[in-house]
Amino acid sequence: MNSKMNMSSFPSVAKLLADRLELDVNTIHPDTNLESLGADSLTVVELIFDLEDEFDVKLGDERPALVVVQDIADNLDRLIKNKTAS
Amino acid sequence: MERVVITGVGAVSALGLGADTNFSQALSGQSGIDLVQLPFSDDLACGVAAQIKYVLPDLIKKSEGALFDHFALFAWIAANEALQQSGITHDIDNEVNSGVFWGTGMGGAQTIEAGYVDLFIENKKRVRPLSVVASMNNAAAAQIALRVGFGGAVNTYSSACISSALAIGEAFRHIRHGYADRVLTGGSEALLTQGVMSAWEALRVLAITDPEDPARSCKPFSRNRTGLVLGEGAAAIVLESLSSAQARGAPILAELVGYGASNDATHITKPDSAGQARAMRKALADAGLAASDIDYINAHGAATLAGDQAEADSIKEVFGAYAKSLMISSTKALHGHTLGAAGALEFVLTIQALRSQAVPPTAFLEEPDPECNLDFIPLHGRTNQKIRAAMSNSFAFGGSNVALIAKPFVYL
């Protein structure tokens, strides 16, 4: 996992989560559990939809396990990297 | 059979927020109808609506926003008011004995149209992920149930303009026959969308904007009526068995005593007085009341030429010579036709009329239609009346009719 060194999308994920859940962005860390923030599966689906638009990537049919905030950022970073490579 | 009482009411419409506000506005003849203010207004021929333009109370979290089409948001606002009045919070102990029966004509139509705009106007390749759960017709009932923890039967009724009257009537039977201790019932509608308004306009049943005062465009039972005015909103009622209400020490606002439903079975849109009369007669029989026991009728009175005429005829048919003694009004002149929410909103106003022994007017009835020659309470509401029982009529495209009868609560 190189994402912790290269957290390109984490600030965007945290900012959007903080906005949606009306939380202080500083309380959201890479290892923060999504459920503990109050982000249920529907909140996460909405969040990913907007992040896909923001970064112009598509998770497509993938169903990755998303437990902590960094899991979302990791998946986005991978897709962004693949897009850049192609 | 259980007696069924009303222990809470709530309303949100163009007349304002809250059941008391809605009734005081209606009683004083204040119109919630005005020029429609929406991004597509210029493309519509119909220029008026009973549109909610004030800021709504902040009852849901921002993260829940995508789950709530306006019809569900209106629903929760009205339901929350009714539940608070009834003294019900999260009733987890009685969850299996508590239900939600809700009416809506087209549910989350705004969400569906927004999806079409994304796909076909914005040329996006996808719609938002919560489109399904926000637009489904049972979204309002489900959101109410999960917020208050009602785990009994949660049903949605969709029969055009009788939807919420039907929900109330079926909830009444549900409690009466012992299937539940209480049901949060009512209805909501949020159809001031470009597609829906355009469709109503094409049907040529919408009122022409009054050239002098748009607020006066809906004129039920008037000779110069030109059609209905679309409205939006919600109304909620907590129905409860008398034994449950008394055990909880809940406030008892009135008693629901009769429900009648029928279908014209004659035409998909043209109203039939015989079909309407069947619903009213069934409600009277259900209540064990004679026609002469009713003092006030909140009429369907949508201000269409054929509809008002049919209703005047059906009232005469059911009430005979006594029809001339009835006080009858259509409050749609003020809050517009809220379609699937209409039955509930007008039933809440009927309950408030019983509680205050005052009747709202048929506003703007300056030129009575000689064919509708009953006491339609023209122009001004009346206070200090004796109302022993009141009927609320709701009729719909598809030929569906519902009449509900309520009385002040008297402990026997």
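Residues B:T104, B:T269, arranged from fewest to most other Cβ atoms within 10 angstrom of their Cβ, appear as B:T269, B:T104. Computed over chain B with a Gaussian network model linking Cα atoms closer than 10 Å, the most mobile of B:L56, B:L354, B:L191 is B:L56. Restricted to Cα atoms, segment B:63-154 shows a radius of gyration and a Dmax of 15.2, 50 angstrom. Converting the Cα gyration tensor eigenvalues of the protein assembly as shown into ellipsoid dimensions via √(5λ) gives semi-axes, longest first, of 46, 26, 18 Å.
Partners of A:K83 within straight-line reach, counting lysines whose Cα lies under 16 Å from its Cα and excluding those fewer than 8 residues away in the same chain: A:K58.
Relative contact order, whole percent, for segment B:200-334 stands at 27, derived from Cα pairs under 8 Å and 6 or more residues apart.
Measuring nothing but how far apart in sequence close Cα pairs (under 8 Å, 6+ apart) lie, relative to its length, segment B:284-412 scores a relative contact order of 31 percent. Normalised by the number of residues in chain B, the mean separation of alpha-carbon contacts (under 8 Å, six or more apart) gives a relative contact order of 24 percent.
Each Lys and Arg Cβ is given +1 and each Asp and Glu Cβ -1; about its Cα centre, chain B then shows a dipole of about 560 debye. Normalising the Debye intensity of chain A to I(0), with uniform scatterers on Cα atoms only, and taking log10 at q = 0.13 Å⁻¹ returns -0.36. Every Cα-Cα pair in chain B was counted, and those over 37 Å apart are 16% of them. Karplus-derived 3J(HN,Hα) values for segment B:398-412, using 6.51 cos²θ - 1.76 cosθ + 1.60 with θ = phi - 60°, are x, x, 7, 9, 9, 10, 10, 10, 10, 9, x, 6, 10, 6, 8 Hz; glycine and proline are entered as x. The ranking of B:I112, B:I175 from fewest to most other beta carbons within 10 Å of each one's beta carbon is B:I112, B:I175.
Relative to the dominant Cα principal axis of chain A, helix A:41-55 is inclined by about 40°.
Here segment B:341-412 is treated as an ellipsoid with the same Cα gyration tensor; its semi-axes, largest first and in whole Å, are 22, 19, 11. Using the structure shown, select from B:K270/B:K407; B:K62/B:K124; B:K53/B:K332; A:K15/B:K62 the pairs with a Cα to Cα distance greater than 23 angstrom. Going by Cα-Cα distance, B:K270/B:K407; B:K62/B:K124 fall outside the 23 Å limit. Apply the Debye scattering formula to segment B:260-407, with a single equal point scatterer on each alpha-carbon and no solvent, then give log10 I(q)/I(0) at q = 0.14, 0.18 Å⁻¹. The calculated log intensity ratios at q = 0.14, 0.18 Å⁻¹ are -0.57, -1.01. Segment B:375-412 and segment B:7-67 have their alpha-carbon centroids 23 Å apart. For segment B:146-238, state which GluC sites (Glu not before Pro) are in a DSSP loop and have at most 10 other beta carbons lying within 10 Å of their beta carbon. Filter output for segment B:146-238: B:E212.
Of the trypsin sites (Lys or Arg not before Pro) found in segment B:160-248, those in coil by DSSP whose Cβ has at most 14 other Cβ atoms within 10 Å are B:R204, B:R223. Quick note on segment B:4-248: its Rg to Rh ratio, both from C-alpha atoms and Rh being the Kirkwood radius, is 0.99. Among B:T21, B:T383, B:T111, the largest mean-square fluctuation in a Gaussian network model of chain B, built with springs joining Cα atoms closer than 10 Å, belongs to B:T383.
Counting only other chain Cβ atoms within 10 Å of each residue's Cβ, the peptide A:43-49 averages 4. Summarising the strand pairing of segment B:260-407, around 60 percent of its internal DSSP beta bridges are antiparallel.
For segment B:60-146, GluC sites (Glu not before Pro) are listed when DSSP marks them as loop and at most 13 other Cβ atoms sit within 10 Å of their Cβ; the list is B:E122.
Every number in this text was worked out from the coordinates using simple rules, so none of it is lab data. Everything quoted here is computed from the prediction, not taken from an experiment. So basically every Cβ, Gly included, is an ideal-geometry build from the backbone, and we count neighbours across all protein chains shown.
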